[in-house]
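The values are calculated or read from the model by the stated rules, or taken from the named source; none is laboratory data. No experiment lies behind these values; they were computed from the predicted model shown. Here the Cβ positions follow ideal geometry from the backbone for every residue, glycine too, while neighbour counts run over all protein chains shown. To get the accessible areas, we keep the full protein, side chains included, count just its heavy atoms, and leave off ligands, DNA and RNA. Shrake-Rupley method; radii C 1.70, N 1.55, O 1.52, S 1.80 Å.
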Amino acid sequence: MAGDDYRMPPADVEAEQCVLGAMLLSANAAAAASGALSQSDFLRPQHREIFKAASDLYRRGEPVDVMSVRAELERTGKIGQAGGPVYLVELSHIVPTAANASFYIARVRELGTKRAVVEEFTRLVEMAYQPDIESSELIETAEATTTRLRLVGSDDEEVDGLSTMGAFVAEAEAEHQWLVPGLLEAMDRVIVVASEGAGKTTLARQMAVMLAAGLHPFARGSRIEPVRTLYVDLENPPPLVRRKVRHLYDLAARTDGWDEDRCWRWTRPGGLDLRRPHDQHLLDRVIREARPQIMFLGPLYKSFTDGGERAEQLNMQVAQILDRYRARYGLALWLETHAPMEQGGQRALRPLGSGVWSRWPEFGLSLRKDPNNPMRVHLERFRGDRDERAWPHFLERSSPWPWAAGWHGGFPVEEATSA
């Protein structure tokens, strides 16, 4: 019965023959096929050899016809594997005109891609039945396979963002997509670093709630367009977070136009390992459910598990994963992280773990405690800003909101409110 279940792999041998025949008749067909197809798109081994010979000739700028392809196959010793000289002549007569070559090329490519999918996932099924294979390894292999096949299947798609420089600068200037006018824009990446107890987590919670309420986080009394927010706490237990957030929520809920659906939280005190497909999928589900415009997440070191890799490699992988969420959902990202431990009496206010995080964000903010005023922290930079924004110069403990912003010389009204 096993033989009754066998299915022929997706293929159209006649379409393959028409593609090769068209290549032997037309330089345009040879150019189109060489650019769109690869050897693996052909089912028959002899077709793969003929296609390679014709493509190699085309790329070297030499004529592509029956005689030149025969000579190339004889030179490489593949004329027998290609079906012999007679088969080349037959191919040249199979297609009466090369005008329909694009149709046959598209058909061969489509079926070749389907065949690649069948082969790859059949291999995965066979892996799953191996007694010593772990599910985590199988999932990682499946993810890598899907990514590879997605790249293969997208070759015919238009490449977004590609144009001549002249066409690019001639486009109408897009308006800023402000979340907070003059301060935060869609898809910005912000990292806030500080020592323990400086208030970076409180700042993230306050901003998540105020933005959802349509309140400017630093210009007290100023209204903005409400923003959908997601606050992800990877360290603190839910009861602690609830106690800390309740007061902020009560303030926001009294604001005109408050909408419960705009402000979300996810507490996961055990952290994540964003290099694991399972945890990537979990965070993806959270983002799809909450639909945030900005995600506050921290502490950063709890978003991955050290598996013994070099710090640069490990952190780069996590940065790339976060960038994928950012690109997929148009998210702005606000990450908080700790500073390295004090050395030689000095606390370096830069991200813990790797130089990757010092290069990654558009804005790298440091909260430095004022040695003369325990109620104040200064907003410094561990990297230069990539754009001009109206960041405060310092924050002070306040009421009813925990932090109030301050500027040397006063609030920059024009910068902060420009749209």
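Summary table
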| quantity | calculated |
| --- | --- |
| Among the candidates E16, E62, residue that is open to solvent by 50 Å² or more (accessible area, probe 1.4 Å) and of a type in the set (D, E) | E62 |
| Residues that are open to solvent by 50 Å² or more (accessible area, probe 1.4 Å) and more than 22 Å from D387 (Cβ to Cβ), drawn from region 168-217 | A170, E196, G197 |
| Evaluation of G298 against (1) open to solvent by 20 Å² or more (accessible area, probe 1.4 Å); (2) more than 19 Å from I139 (Cα to Cα) (one fails), failing number | (1) |
| Filtered residues of region 238-293 (kept if over 30 Å from T146 (Cβ atoms), touching a strand residue (DSSP E or B) at 6+ places or on another chain (Cβ under 8 Å), part of a loop (DSSP other than H, G, I, E, B) and not polar (S, T, N, Q)) | P269 |
| Meets criteria (of a type outside the set (F, W, Y) and surrounded by 12 or more Cβ atoms within 10 Å (Cβ to Cβ)) for R246 | no |
| Helices (runs of 4 or more DSSP H) fully within region 41-156 counting 3 or more residues that are among the small types (G, A, S) | 45-59, 101-128, 135-153 |
| Where a residue in region 366-391 is closer than 11 Å to R350 by Cα and its partner, wherever it lies, is in a loop (DSSP other than H, G, I, E, B) and open to solvent by 70 Å² or more (accessible area, probe 1.4 Å), with Cβ under 8 Å and at least six apart | S366/R350; F382/R350 |
| Answer residue from region 371-401, given it is over 24 Å from H247 (Cβ atoms) and part of a strand (DSSP E or B) and is least open to solvent (accessible area, probe 1.4 Å) among those | H378 |
| So A405, is it small (G, A, S), open to solvent by 70 Å² or more (accessible area, probe 1.4 Å) and either modelled with pLDDT under 95 or under 22 Å from L183 (Cα atoms) (or both) | no |
| Condition check for A106: farther than 18 Å from E143 by Cα, aliphatic (A, V, I, L, M), touching a Ser or Thr at 6+ places or on another chain (Cβ under 9 Å) and surrounded by 14 or more Cβ atoms within 10 Å (Cβ to Cβ) | no |
| Sole exception among (1) surrounded by 12 or more Cβ atoms within 10 Å (Cβ to Cβ); (2) within 34 Å of the chain's Cα centre (by Cα) for L88, by number | (2) |
